[in-house]
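First comes the structure, then the notes that go with it.
The values are calculated or read from the model by the stated rules, or taken from the named source; none is laboratory data. Everything numeric in this text was worked out from a predicted model, so none of it was measured. With ideal geometry, Cβ positions are generated from the backbone for all residues, glycine too; neighbour counts draw on all protein chains shown. We work out accessible area using only protein heavy atoms, side chains counted, and drop any ligands, DNA or RNA first. Shrake-Rupley method; radii C 1.70, N 1.55, O 1.52, S 1.80 Å.
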Amino acid sequence: MPAPAELPESQATGAIAEIFADLRRLTGVGYVSSIFRHLATMPGMLEWAWDVLGPAFRAGAIQQAGEAIAAGAALAPPAALGAARLAGWGVDAAALGAIRSAAAGFVRVAPANLGAGVCLTPRLAGRAAAGAGFAPGWTPPA
């Protein structure tokens, strides 16, 4: 099955480029997740989703809700890979640093994506928004 279409960030213009910039800033990650790049391929879909999600993203509610859900996941970390195994795969210190950086970005953005999905699902089913509102004082991660 082919992968879903995505709009490359380099091809985003206008409102989509602005939404992509907001997503990078509000998640603290230097890229836009594929879910949002995919929504951008459907006329008006990303803009609609951002109308729904943008206020909660700007308030940090989605990020915090996703982090709370993720924090409740009781998963043991996988076993560490030894230096010899990494070297056998051609992973040197620079590559290991890049892998760690990518993993840290994923840890920041995945809970936000989870929160976005939790928020969009009822709206896509035609249900009205509900919840406690947004807490003031949140700032995006660096």
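Has the range 52-64 got any residue that is within 13 Å of the chain's Cα centre (by Cα), at positive phi and surrounded by 19 or more Cβ atoms within 10 Å (Cβ to Cβ)? Within the range 52-64, one or more residues are within 13 Å of the chain's Cα centre (by Cα), at positive phi and surrounded by 19 or more Cβ atoms within 10 Å (Cβ to Cβ).
When you go through Pro111, Pro122 one by one, which is the residue that is more than 19 Å from Glu18 (Cα to Cα) and open to solvent by less than 30 Å² (accessible area, probe 1.4 Å)?
Pro111
Residue check: is Arg85 in contact with an Asp or Glu (Cβ under 9 Å, 6 or more places away or on another chain) and not in a loop (DSSP other than H, G, I, E, B)? Here the answer is no, as Arg85 does not meet what is asked.
Here Ala128, Ala95 are screened, and the one residue that is free of Cβ contacts under 8 Å to residues at least 12 places away in the same chain, part of a loop (DSSP other than H, G, I, E, B) and over 22 Å from His38 (Cβ atoms) is Ala128.
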